[in-house]
Amino acid sequence: MNAIKILSDYKMSRTNGRVKILEELLMTDVALSERELQTRLEGICDRATIYRTLKSLTSKGVIHKIATESTVAKFVIKKTPDDHIHFKCTDCGRIQCLTGIVPNNVKLPEGYIKKETNFLIIGICKECSENVQ
Ligand SMILES: [Zn+2]
Ligand SMILES: [Zn+2]
């Protein structure tokens, strides 16, 4: 996967901001917040560009926004269109997509319409738990 290919797959025009943000997200498999992206892209993209770009990439479904238990949302490349679980490590603070684990089909009461599922499990990630031993 590379940023330019992703943009063409989603039929989005290639702007510098989109390419740079996607490249950052592709380099890591943990979710990044808007602020973390600002730090990484200091001098390359301004705040307004990052804000706008995250919004357009999210609305096209290229990346997705993970709600955390704090008010800061994190963004990550969307690897699967399916519902999956997110894991937040309390030690290192990283948030990852755990694809392949399909959350049980939650049945909503009548009259409720699902738009997306956002499961967040909080615990200790593999790397941190291995470091404990
Ligand atoms: Zn960890
Ligand atoms: Zn995810």
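Read-outs: derived from the displayed coordinates by stated rules, not from any lab. This structure is a prediction, so every number in the text was calculated from the model and none was measured. Using ideal geometry, Cβ is built from the backbone for each residue, glycine included, and neighbour counts are taken over all protein chains shown.
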- Message: I'd like the full set of residues that are more than 14 Å from LEU22 (Cβ to Cβ) and in contact with a Lys or Arg (Cβ under 9 Å, 6 or more places away or on another chain), limited to segment 41-77.
- Response: LYS65, ILE66, ALA67, THR68, GLU69, VAL72, ALA73, LYS74
- Note on the structure: Of GLU23, GLU42, GLU36, GLU69, the only residue that is closer than 17 Å to ILE122 by Cβ and surrounded by fewer than 18 Cβ atoms within 10 Å (Cβ to Cβ) is GLU69
- What about VAL76, is it of a type in the set (A, V, I, L, M, F, W, C) and under 15 Å from the mean Cα position of the chain (by Cα)? yes
- Task: Would you be able to tell me the number of residues in segment 77-96 that are within 16 Å of ligand 1 (Cβ to nearest atom), out of contact with any strand residue (DSSP E or B) (no Cβ under 6 Å at 6 or more places or on another chain) and closer than 20 Å to MET27 by Cα?
- Result: 3
- Identify all residues within segment 57-76 that are of a type outside the set (Lys, Arg), away from ligand 1 (no atom under 16 Å from the Cβ) and in contact with a Ser or Thr (Cβ under 9 Å, 6 or more places away or on another chain); write none if there are none. VAL62, HIS64, VAL72, ALA73, PHE75
- Message: Out of the residues in segment 83-133 meeting the condition of being charged (D, E, K, R) and in contact with a helix residue (DSSP H, G or I) (Cβ under 9 Å, 6 or more places away or on another chain), tell me which one is surrounded by the fewest Cβ atoms within 10 Å (Cβ to Cβ).
- Response: ASP91
- Message: I'm trying to understand the selection: among the residues of segment 37-60, which are within 16 Å of ligand 2 (Cβ to nearest atom), touching a residue at least 24 places away in the same chain (Cβ under 8 Å) and under 12 Å from PHE75 (Cβ atoms)?
- Response: LEU54, LEU57
- Task: Write out, first by first residue and then by second, each pair whose Cβ atoms fall under 8 Å of each other, whose residues are 6+ apart or on separate chains, and whose first residue, in segment 14-28, is more than 11 Å from ILE77 (Cβ to Cβ) while the second is surrounded by 19 or more Cβ atoms within 10 Å (Cβ to Cβ) and polar (S, T, N, Q).
- Result: THR15/THR53; GLY17/THR53; ARG18/THR53
